Amino acid sequence: MNENDPARRRIILSGIQPTGTFTLGNYLGAVKNWRQLQKEYDCYYFVADLHALTVYHEPAMRRKASRAAFALLLACGLDPEKSLVFIQSHVSAHAQMGWMLSCLSPFGDLSRMTQFKDKSAKHPEDINAGLFTYPALMAGDILLYQADYVPVGADQTQHLEFTRNVAARFNHVYGETFRLPEGYFPKAGARVMSLAEPTAKMSKSDENAKATIFILDDEKTILKKFKSAVTDSDAEVAFREGKDGINNLMTIYSAITGKSCDAITAEFAGKGYGDFKTAVGTVVADELRPIRERYAELLTDKAYLDAEIARGAERAAHIAEKTLAKAKRKMGLC
Ligand code: ATP
Ligand code: LTN
């Protein structure tokens, strides 16, 4: 089929690191959209455990976290009958392609990556080479599956641009091999900020427990965290510069209910922040409840989970190996 034929089903690919229980940010900014894309695209979603190696975690914890992340993806509604869901390290082509592409990755470009700068500032005791070459591994993840679109949050756009550059460089030096992927930023995708410090993004690895809603938090915990969310002293539910805390709560409420900011302002006119926070907490708790229930169910069915993990790896390897073999041929490796 012709590359540009509109009938060709486009390929979507994305990954998430198993660095902790997913947050409301991961869910509203990424995984919820991934679920919605399953209808229209050939979707590949994976647990990026090789990427998570760049920060030390105890091995037993790591094993548990990858499995939990896989189960969470299914609990969030990724359907292994519709999408290909797998764990990155179970497909050896990723590590091989990552190395091959790191040899086409300029040192200067890697040095400019914001994530590298942020993570090395956060872990000055462990600035390892993996943290530095992370974008080459990520480029390999994407290019192995010839992805058309990569749905990620705004924090990953620099890595995507890097991927396109490395793919173009490979195609130029060794001949046409890779499709150049594009970012996919759905309108509904929300950037969720920390509840404690609303100018910083909500992140799985934040040490302040009050800052983050985890998707497995129960209703009571969710309501409590929203109640203590940092706001301002205006007492007006309106989306405006300087009202970072309220803007964040409005973004969350809007992403779940589909209501516009104006509609939300009208709904809470004359009411206090207390009412608004309870309303946000309630819609979030309602949205997350079925995920928590499905997750608990999945964890009790060990055989099913093991079988899906193995099946995902096998199917992914089949596709990735083909592209890897092509790239190796072009590079003169076989
Ligand atoms: P870590 O704390 O370990 O850096 P993280 O919470 O930032 O992790 P990732 O695994 O790096 O999560 O990201 C998974 C996906 O979730 C990415 O597509 C990323 O853009 C998106 N994402 C992460 N945090 C947010 C957020 N606060 N709002 C919206 N999207 C987010
Ligand atoms: N770097 C991403 C996770 C990730 C990814 C990918 C996303 C690794 N490989 C390939 C999309 C495509 C992150 O930290 N969110």
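Here, each number is a calculation from the coordinates, and none is a lab measurement. Keep in mind it's a predicted model, so treat the numbers as computed, not measured. So basically every Cβ, Gly included, is an ideal-geometry build from the backbone, and we count neighbours across all protein chains shown.
If you line up the long axis of helix 244-257 against the longest principal axis of the chain, both from Cα atoms, how many degrees apart are they, to the nearest 10?
80
Quick check: Cα centre of region 185-220 to Cα centre of region 237-271, how many Å?
Between the Cα centres of region 185-220 and region 237-271 lies a distance of 16 Å.
Counting other Cβ atoms within 10 Å of each Cβ, which trypsin sites (Lys or Arg not before Pro) in region 152-254 have at most 14 and sit in a DSSP loop?
Answer in residue order: 187, 240.
Rounded, prolate or oblate for region 1-132? Axes are the square roots of the Cα gyration tensor eigenvalues, ordered a ≥ b ≥ c, and the cut-off for rounded is a/c under 1.5.
Oblate, since a/c reaches 1.5 and b/c is not below a/b.
Given Cα pairs under 8 Å that are at least 6 residues apart, what percent is the relative contact order of the chain?
Values: 505 pairs, mean separation 71.6, N = 334.
Rounded, it is 21 percent for the chain.
Which of 238, 327, 180 sits closest to the plus end of the dipole of the chain, meaning its Cα is farthest towards the positive end, when Lys and Arg get +1 and Asp and Glu get -1 on the C-beta?
Checked the options; the winner is 327.
What number comes out for the charge environment of residue 327, summing +1 per Lys or Arg and -1 per Asp or Glu over other residues with Cβ under 14 Å away?
+4
When only C-alpha pairs under 8 Å and at least 6 residues apart count, what is the relative contact order of region 6-75, in percent?
Relative contact order, region 6-75: 48 percent.
For region 181-330, what is the relative contact order in percent, using Cα pairs closer than 8 Å and at least 6 residues apart in sequence?
21
Mind pulling the angle between the C-alpha long axis of helix 273-300 and the longest principal axis of the chain? Nearest 10 degrees, somewhere in 0 to 90.
40
Averaging the inverse of every distinct alpha carbon separation and then flipping it gives the Kirkwood radius. What is it for region 192-292, in angstrom units?
13.5
So, with +1 on the Cβ of K and R and -1 on the Cβ of D and E, and no other charges, what is the size of the charge dipole of the chain about its Cα centre, to the nearest 20 debye?
Rounded to the nearest 20 debye, it is 580 debye.
If you take all C-alpha pairs in the chain, what percent of them are over 32 Å apart?
33
Leaving out same-chain residues fewer than 8 places away, which lysines sit with a Cα under 27 Å from that of residue 302?
Output for residue 302: 32, 64, 82, 204.
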